[in-house]
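J.: There's a structure below that I have some questions on.
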2 protein chains.
Amino acid sequence: MKSPILNQLALLLFCSSMFSPVLAVDNAPNGIKLPSEYKDWRVISQSHRIDNNTLRTILGNDIAIEAARSNNTNPWPKGSILAKLVWKQAPEQHWPSAIAPEKFVHAEFMIKNDNKYNSTGGWGYARWLGLDQKPYGTDKDFAQECVACHTPVKDNDYVFTKPAEMP
Amino acid sequence: MKSPILNQLALLLFCSSMFSPVLAVDNAPNGIKLPSEYKDWRVISQSHRIDNNTLRTILGNDIAIEAARSNNTNPWPKGSILAKLVWKQAPEQHWPSAIAPEKFVHAEFMIKNDNKYNSTGGWGYARWLGLDQKPYGTDKDFAQECVACHTPVKDNDYVFTKPAEMP
């Protein structure tokens, strides 16, 4: 007969395993942790990349939203985080002349901290692929690929997104 | 010489006039009031209408977000509000093969309340145009136009938007 303590331990392990798909998102290879609650952040803009057939929603944490709304984005203030949610595109089922999100591709992030991310232009980059949020990149230097792509907008603090006009 | 009371009244009027562009958004002709704080709501989906060259972000209030995330959207629960922010499209300045928001067109809303909005299929409709948020519609029955357009998706509780897949 098991002891009550073993029973409780077994229950704890069982419960932990039930929640592990939510909790167990690995860090990016450069050590960046998936920002929690990013799906609750507010919207900055959106885009449609016709070169790779994806739709993108750009969200910001509180610091980034305040910066965007006060037109204080060059440079973005320390602590700003921009999140980009990316989906493959598909015709909207009931309005086929509209394009809507289909399969979720990835969530990617830029985290502003000049000192901490000095080697990547003052921004920390990270990306998690798919619904299971597998970290992108094979080693800690993977983000040099991100920097190379963002260097053409160095004068815009390395950011492509312009906050969308709102009332 | 003015009295202190008159001076205070003048100051009050001056301050009110400074803030009036923010406060003075008229109600829609059917009496619906612009939902406050809608720009702070969380994202449900986005779309790109290639038939009229606009980009759209779809946001939801807390009730709608909870419904979307729990796949409880047919029908949407009472109190759900869906907001659609619409912009004219333009090539993204630094990545021309992407399409991004340019001029803000309007913000439009669907408010779920079967009893209150029985005459328009259980949803209250309203729209405010441009950055100065002028109410759309000339009389209280303007929303029959909205209902007519949404009737093809009656089986989807009159909603075109499918919540975007997210981790």
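J.: Give the dimensionless ratio obtained when the Cα radius of gyration of the protein assembly as shown is divided by 2.2 N^0.38 Å. It would help to have the intermediate numbers written out before the result.
T.: Values: Rg = 23.3 Å, N = 334, 2.2 N^0.38 = 20.0 Å.
Relative to the 2.2 N^0.38 Å estimate, the protein assembly as shown comes out at 1.16.
J.: About the Cα centre of chain B, what is the dipole size in debye to 20, counting +1 per Lys and Arg Cβ and -1 per Asp and Glu Cβ, all else neutral? Please report the intermediate quantities before stating the final value.
T.: Working: 18 positive and 17 negative charges, 46 e Å.
Magnitude of the dipole: close to 220 debye.
J.: Now, a different point. When you look at the Cβ of every residue in A:53-60, what mean number of other chain Cβ atoms sits within 10 Å? Working shown, then result.
T.: Values: counts 0, 1, 7, 3, 8, 3, 2, 0.
Across the residues of A:53-60, the mean count of other-chain Cβ atoms within 10 Å is 3.
J.: Could you please put B:95, B:87 in sequence from largest to smallest accessible area, using a 1.4 Å probe?
T.: Values: B:95 60, B:87 0 Å².
The ordering from most to least exposed comes out as B:95, B:87.
J.: Figure the gain on full extension for residue A:155 and residue A:62 (residue separation times 0.36 nm, minus the Cα-Cα span) and round it to one decimal in nm.
T.: The residue A:155-residue A:62 span can extend by a further 31.1 nm.
J.: Could I have the simple spin-label model distance between residue A:52 and residue B:53, label points 7 Å from Cα toward Cβ, reported in nm to one decimal?
T.: Those two pseudo-labels are separated by 2.7 nm.
J.: Here's another thing I want to ask about it. Quick one: order B:105, B:153 from most to least accessible surface, probe 1.4 Å. Write out the running numbers ahead of the final one.
T.: Values: B:105 50, B:153 0 Å².
Correct descending sequence by accessible area is B:105, B:153.
J.: Next question, about the same structure. Which value does Rg/Rh take for chain A over its C-alpha atoms, Rh per Kirkwood?
T.: Details: Rg = 19.4 Å, Rh = 17.9 Å.
Rg/Rh for chain A comes to 1.08.
J.: Step through the residues of segment B:68-76 one at a time and calculate ³J(HN,Hα) from phi using the Karplus curve (6.51 cos²θ - 1.76 cosθ + 1.60, θ = phi - 60°), rounding each to whole Hz and writing x for Gly and Pro.
T.: Those phi angles translate into 5, 6, 9, 6, 10, 10, 9, x, 5 Hz.
J.: Name all residues of segment A:55-80 having a backbone nitrogen under 19 Å from the label point set 7 Å from the Cα of residue A:103 along its Cα→Cβ direction, giving them as ranges.
T.: Only A:55-57 pass the distance filter.
J.: Something else now. Report, to the nearest 10°, how far helix B:4-23 tilts away from the longest principal axis of the Cα atoms in chain B, using its own Cα long axis and a range of 0 to 90°.
T.: 20 degrees
The values are calculated or read from the model by the stated rules, or taken from the named source; none is laboratory data. All of these numbers come straight from a predicted model, not from anything done at the bench. Heads up, the Cβs are rebuilt from the backbone with ideal geometry, glycines too, and the neighbour counts pull from every protein chain shown. Note: areas computed on protein heavy atoms with side chains; ligands, DNA, RNA excluded. Shrake-Rupley method; radii C 1.70, N 1.55, O 1.52, S 1.80 Å.
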